[in-house]
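What follows is a set of notes on a single structure, which appears directly below.
Derivation of every value follows stated rules applied to the coordinates shown; laboratory data play no part. Here the structure is a predicted model, which is why all the values come from computation and not from measurement. Here Cβ is always computed from backbone atoms with ideal geometry, including for glycine, and neighbour counts include all displayed protein chains.
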Amino acid sequence: MSKKFYITTPIYYVNARPHIGHAYTTIACDTIARRHRMLGDDTYFLTGTDEHGQKIERAAAAAGKTPQQFADEVSAEFRALWNRMGLTYDDFIRTTEERHKKSVQALFRKLSENGYIYKGSYTGQYCVSDEMYVDVGPGEPCPECGRITETVHEENYFFKLSAFADKLLRLYTEQPEWIRPETRRNEVISFVKGGLKDLSISRSTFSWGIPVPDDPKHVIYVWLDALANYITAL
């Protein structure tokens, strides 16, 4: 029986057109996928586009288009480029597709049923460009990209990431091959041992996203929406 091999690119954010960095990553994955097919492995190569969020909403408004129109156009450019380059991806996932949206909402419900989601409030500095809260003072720049942050106070749904610290450390210890190379595994272990904070997984200050089940005032945030593509495409 052939061995299964699953490889993905990150899904690319459609706030701007594809560039050489996107091509580099996708070519690297394509090369690895081709090798595993030559070895006889049952290979599945996924790529796609991340199409929700405040940054997309604002980029679309600046272009005089709806978020869906804007996402459709830029996503099509990514797909057309990979096709022109002859890349051998097996699937192209878009986070605006119904198959993805339904699966993300099902994942949200499952996590909620198991007690891993709760509602709370958060006040902090938010970087629209990087789509994350950062630990800086009001009006200070984001330490990652240098852009000025915005002070945000809103009600969010949170994922109890802190509840998984011991399970993750046990996984990394018992299955060291789970993260390679070893330097990266050690880096992740150190990060988890430093303490995991619960993760905001909804936003209520913009509307371009997947609605939270039974609470349409909230949209599901990128950390649960975009990152779930690696399983919603299977």
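Below are the figures for this structure:
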{"item": "For the chain, size of Cβ-based charge dipole, Lys and Arg +1, Asp and Glu -1, in debye", "result": "520 debye"}
{"item": "Amide H within-cut-off set for Met132, under 5 Å, with H built and near neighbours excluded", "result": "Cys127"}
{"item": "Mean residue ellipticity (222 nm) of the chain, computed from DSSP H runs ≥ 4 via -39,500 (n - 2.57), nearest 500", "result": "-12000 deg cm²/dmol"}
{"item": "Cα-Cα over 22 Å, subset of Lys3/Lys193; Lys4/Lys167; Lys102/Lys217", "result": "Lys3/Lys193; Lys4/Lys167"}
{"item": "Extension gain, Thr66 back to Phe164 (0.36 nm per residue minus Cα-Cα distance, nm)", "result": "31.4 nm"}
{"item": "For Phe158, residues with placed amide H under 5 Å, excluding near neighbours", "result": "Tyr118, Lys119, Gly120, Ile201"}
{"item": "Segments 68-74, 186-192 sorted - mean Cβ within 10 Å per residue, highest first", "result": "68-74, 186-192"}
{"item": "Highest average packing first - 111-123, 24-36, Cβ atoms within 10 Å", "result": "24-36, 111-123"}
{"item": "Net charge of neighbours whose Cβ lies under 14 Å from the Cβ of Trp223, counting Lys and Arg as +1 and Asp and Glu as -1", "result": "-2"}
{"item": "Long-range amide H partners of Thr95 with built H, under 5 Å", "result": "Thr49, Glu51"}
{"item": "Peptides 5-15, 44-54, 95-105, 175-185 ordered by average Cβ neighbours within 10 Å, highest first", "result": "44-54, 5-15, 95-105, 175-185"}
{"item": "Backbone HN-Hα couplings from phi across region 34-47 [Karplus 6.51/-1.76/1.60, Hz, Gly and Pro as x]", "result": "4, 4, 5, 5, 4, 7, x, 6, 6, 9, 10, 10, 10, 9"}
{"item": "Net charge, Cys127 excluded, C-beta distance under 12 Å - Lys, Arg +1, Asp, Glu -1", "result": "-4"}
{"item": "Percent antiparallel among DSSP beta bridges (both partners in the chain, rounded to 5)", "result": "65 percent"}
